[in-house]
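For reference, the structure discussed in these notes is given below.
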Amino acid sequence: MPGENKILYGIGVSPGFAIGRACLVNKKKVKAQKHIFLQKEDISKEVERFKKAVLMAVNDLEQVKTLIPEKYREQSHIVDAYILLAKDIMIYDTTCSKIMDENINAEWALLKCIEDIREMFANIDDDYLKSRIHDVKYVSEHIMNNLTGKEEQSLEKLNGRYIIVADDLSPIDTARLHVGETMAFITSLGGKTSHTAIVARAFEIPAIVGLENVIQEINDNELLILDGATGMVIVDPDSDTLQKYYEQQERFEAYSARIVRESHLPAETTDHYRINVMANVELLEEVVSVIDRGAEGIGLYRTEFLYMNNKELPSEDELYSDYREIAEIIYPKINTIRTLDIGGDKFAAHLFPDTETNPAMGLRAIRFCLRERGIFKTQLRAILRASSICKNINLMFPMISGVNEIRQAKSVLEEVKNDLRQENQPFDEDMKIGLLIEVPSAMVIADLLAREVDFFSIGTNDLIQYSLAIDRVNKNVAHLYDPLHPAVLRMIRQIVDAGHNQGIPVTICGEMAGEPMYVPILLGLGLDGLSMNPFSVPRVKKIIRQISMAQAKLFLDDISLLSTASDVNKYLLENVVPLFPDDFPTYKVSSILD
Ligand code: PEP
Ligand code: MG
């Protein structure tokens, strides 16, 4: 039977092809079953099924309550309210009555019931009461998931070769997906630098985010072709298309294998300028792949995952052994450990008492650590102790916005060092301290900040988010997230100059560092290092080896005269890409389909 060849576009965030069957896992938005009229004899079973779904929701919520840490226990009244609501006559009794009186299935009855409640709430004058409809929606979705959805644990248990299709996945969900050797995933939410996308690249899972209504567009078990570079999905492909994609996939895999083999060659331009190409990692398990791909160190170790994966805070010893192990594996190369950057889209509910309306600008990263000194000090102790083993750890502080903040962070570090000295615990007295420039105010005063530290790392993911005012997880503005915006290029230049004037090196560790097409620009801007997802290291190194610094500077001179990101992009496509025919294969899906 000829396939439908339906084409959908999202944002390609992790390259690679996947050809396989869809698995809809998102609990929230799994399609409700069809509306079904029941035979008389099935009605009591259906009522029982509904009651069981409610009971499961109540048990889940009771379970959630036990996960709330002691110090935030008073917040558990919110969960209590949900539990009461699940058992409330408004939902419980009404849905049961609808099943029995109208002979319909539980999902349909529940939907009807929620519709009635929604109408009732819409007519309420009181804004507060009106807004309680969200609680009703939350609880009813929970029950609906138990009726129709797959279990959340199935993320871990899935051990098939599936393409996961979800409304949303948290960075943790994404990390768990790896366990099941997922082929790829597609979500409705997210942008190129959302942490979910970053984790996908870390695990080398082809991924597409920001594909609107994906849960409605794709059915469970449908055959899909996914191109994680272009963001395109072909639903129900015909056999010709399938064949072409198998060939494309083979070519891509052969190219990837070839560049990995060459990846240990140095990142040196044809006129002998060397730049440090490093990798970003989130988990210990990735470090071996960092070495295999020729990275010259870890330019960013995101330390959040040990905090997000556990209900309990990690102990100093757990952190110590993690940091120590990474330092030992990567030795003699450097491991740059970033202190905890929790908050924003790396939300760990158990650490935050309040929900913030704007978490990206809220209690995140260094702000959280300076408030939660105990948590911060435990991490610093672990980092310092691990630094004594191979003396190859650099430390950096995220989201610094001003001189006071870096001074405060350093003074906490000094306190911790003093404590360790008193306890005769060794650490590397010469451990280098750096900061991430990712807030516009830090960029503006980079000259002042440069006096405070040994190195800068530019976190372009956030610097772009905050300077262009684009939420990195908001798909509606994802198209505006442009590293080639002239403002971004000027900011990088200013930071590099400020760092170099003070004699400190400057690296980029945001996602733009791993974009091969940007390499000539980043070289021309004078960066000392680029740190990226391990997957990109071989390709970026290969491009560096094929270009001269003189040529890169000429490109940059031209680009500096351009006034829009699209002009810069066009310039790169016309002038840079053709120089590297092997490295920018035009696997444009549309041409394959033509
Ligand atoms: C950045 O903001 O560019 C960065 C590297 O940090 P993260 O993506 O973890 O916020
Ligand atoms: Mg950041």
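Could you pull out every residue, at least 5 positions away or on a different chain, whose amide H is within less than 5 Å of the one on Ile186? Hs are placed 1.01 Å off N in the peptide plane, and Pro or chain starts have none.
HN-HN under 5 Å from Ile186: Ile164, Val165, Ala166, Ile208.
For the range 283-292, take each phi angle, set θ = phi - 60°, evaluate the Karplus expression 6.51 cos²θ - 1.76 cosθ + 1.60, and give the result in whole Hz per residue in order, putting x for glycine and proline.
Each residue's phi maps through the Karplus curve to give 9, 3, 4, 7, 5, 5, 5, 4, 5, 4 Hz.
Once you place label points 7 Å from the Cα toward the Cβ at Gln408 and Leu265, how far apart are they in nm?
Placing both labels 7 Å along Cα→Cβ, they lie 4.9 nm apart.
Calculate the length of the line joining the C-alpha centroid of the range 480-531 to that of the range 376-430, in whole Å.
Measuring centre to centre over Cα atoms gives 27 Å.
At R0 = 22 Å, how high is the FRET efficiency between Ser256 and Asn575 if r is their beta carbon distance? Nearest 0.05 is fine.
Efficiency, from the Cβ-Cβ distance: 0.30.
Pulled fully out, how much extra length does the chain show between Gln39 and Asp116, if you take 0.36 nm times their separation in residues and subtract their Cα-Cα distance?
Length gained, Gln39 through Asp116: 25.3 nm.
Order these peptides, 430-443, 245-258, by their mean beta-carbon neighbour count within 10 angstrom, highest first.
Ranked from most to least packed, the peptides come out as 430-443, 245-258.
Say each of Ala487 and Glu247 gets a label point 7 Å from the Cα, pointing the same way as Cα to Cβ; how far apart are those two points in nm?
4.6
If each residue of separation counts as 0.36 nm, what is the full-extension length gain between Asp88 and Val288 once their alpha-carbon separation is subtracted?
66.7 nm
Quote the relative contact order of the chain in percent (integer), defining contacts as alpha-carbon pairs under 8 Å separated by 6+ residues.
About 15 percent, as a whole number.
To the nearest 20 debye, what charge dipole does the chain have about its Cα centre, counting +1 at the Cβ of each Lys and Arg and -1 at the Cβ of each Asp and Glu?
Value, rounded to 20: 660 debye.
Among His479, His264, rank each residue by its count of other Cβ atoms within 10 Å, from fewest to most, as a rough exposure measure.
Arranged by neighbour count, lowest to highest, His479, His264 become His479, His264.
Could you check the spin-label model distance between Glu423 and Asp558? Points 7 Å from the Cα along Cα→Cβ, value in nm.
5.8
Taking R0 as 51 Å, what's the FRET efficiency between Asp240 and Tyr138 from their Cβ-Cβ distance, rounded to 0.05?
0.65
Of the listed peptides 371-384, 509-522, what is their order by residue-averaged count of other C-beta atoms within 10 Å, with the highest listed first?
509-522, 371-384
Throughout, read-outs are computed from the coordinates displayed, never taken from laboratory work. Because the structure is predicted, anything quoted here is derived from the model rather than measured. In this analysis, Cβ positions are derived from the backbone assuming ideal geometry, glycine residues included, and neighbour counts consider all displayed protein chains.
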